[in-house]
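We did not get these values from a lab; they are worked out from the coordinates using the rules stated. Here the structure is a predicted model, which means the values were calculated and not measured. Using ideal geometry, Cβ is built from the backbone for each residue, glycine included, and neighbour counts are taken over all protein chains shown.
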Amino acid sequence: MQPFRRRDFMAAGAAFLTSRTLFAQNPPVADRRILIQDLVLANHILAAQGIVDGFGHVSVRLEAERYLLSRSLAPASVAAADIIEYNLDSNPVAPETRGSYKERFIHGEIYRARPDVMSIVHCHAASLIPFGITKIPLQPVYHMSSFVGEGVPVFEIREESANTDMLVSTPALGRALAKTLGNKPAALMRGHGAVIVGPSIIEAVSRAVYLEVNARVQAQAMALGKDITYLSPAEVKNRDGNSDADRSWNLWKQQAAQNAK
Ligand SMILES: [Zn+2]
């Protein structure tokens, strides 16, 4: 057996330091794999629930300054191989020939502004549109969408630029949207759709689903009459952290799988 030489010791030390550095830059491979699995699932769930159609997207934060998002593709068609890693400038981290979503700046700029946000959904759900183009605010109609009571501001893209195609297709427009969102769970985008954020991918998807339900139910209630009882601030506060989002996620997962058959 060869004696352990100084050169071997140095090489082993260098390898250890390299692995530590890599670990700091990238989460363990298993975590990354699970995040990608969940992100693919989130795409399929949002499509199956009617929150996104051919358009719309969902991302998940990979680490402080990186996030994962599909290449430009209809969410129902997204597979693990379609996921691209972006930095907060919304540029792919590795050389990339595949197309990116034009509105990926929504994700990069919100992750930059909101360290608490781990996942972001952008959708064009039709039921949300009326509350962005009128002066009628979304209000919390039932317990599943109590987060609406924290406030859902409306992003007016004209305040940033009077000459856009409505898409958040630049870093400046992404920053303006993030500023409107502030510390809220969601923001409507006038004449366009919404952005919904969460402390986990399950929570972001759950909020996206129930935000859309809230809009439909609120519009139905308003059609019935003006005297509507919304959740009170105390009820909203008491619901905070009281979500059973996992239960819905597991059901939606089954439904998305059935839809894919
Ligand atoms: Zn959009």
query = For the chain, modelled as a Gaussian network with Cα springs under 10 Å, which listed residue fluctuates most, 98, 207, 71?
reply = 98
message = Give me the dipole magnitude in Debye, nearest 20, for the chain about the Cα centre, with unit charges on the beta carbon: positive for Lys and Arg, negative for Asp and Glu.
response = 480
ask   = Once every DSSP H run of n ≥ 4 in the chain is given -39500 (n - 2.57) and the sum is divided by its residues, what mean residue ellipticity at 222 nm do you get, rounded to the nearest 500 deg cm²/dmol?
value = -13500 deg cm²/dmol
message = A 29 angstrom limit on the alpha carbon distance is what I want to check against. Which of 102/184; 237/261; 184/226 exceed it?
response = 237/261
ask   = On a 0 to 90 degree scale, rounded to 10, what angle separates helix 201-224 from the longest Cα axis of the chain?
value = 10
ask   = Which FRET efficiency, nearest 0.05, do residue 143 and residue 89 yield, Cβ-Cβ r, R0 45 Å?
value = 0.70
task = Mind giving me the nanometre distance, one decimal, between the label points for residue 136 and residue 64, set 7 Å out from Cα along Cα→Cβ?
result = 4.6
note = If the chain between residue 126 and residue 228 were fully extended at 0.36 nm per residue, the gain over the current Cα-Cα distance would be 34.5 nm
request  = Identify the trypsin sites (Lys or Arg not before Pro) of region 103-160 meeting these criteria: DSSP loop state and at most 15 other C-beta atoms within 10 Å of the C-beta.
outcome  = 135
request  = Taking the Cβ of each residue in 210, 230 as the centre, tally the other Cβ atoms inside 10 Å and list the residues starting with the fewest.
outcome  = 230, 210
note = Listed residues 225, 56, 182; largest mean-square fluctuation, Gaussian network over the chain with Cα springs below 10 Å, found at 225
remark   = In whole µm²/s, the translational diffusion coefficient that Stokes-Einstein assigns to the chain, given a Kirkwood hydrodynamic radius over C-alpha pairs, 10 °C and 1.306 mPa s, equals 81
Label-point gap, in nm, between residue 237 and residue 98 - each point 7 angstrom along Cα→Cβ = 4.6
ask   = So if we plug the beta-carbon distance of residue 79 and residue 246 into 1/(1 + (r/R0)^6) with R0 = 25 Å, what FRET efficiency do we get, rounded to 0.05?
value = 0.60
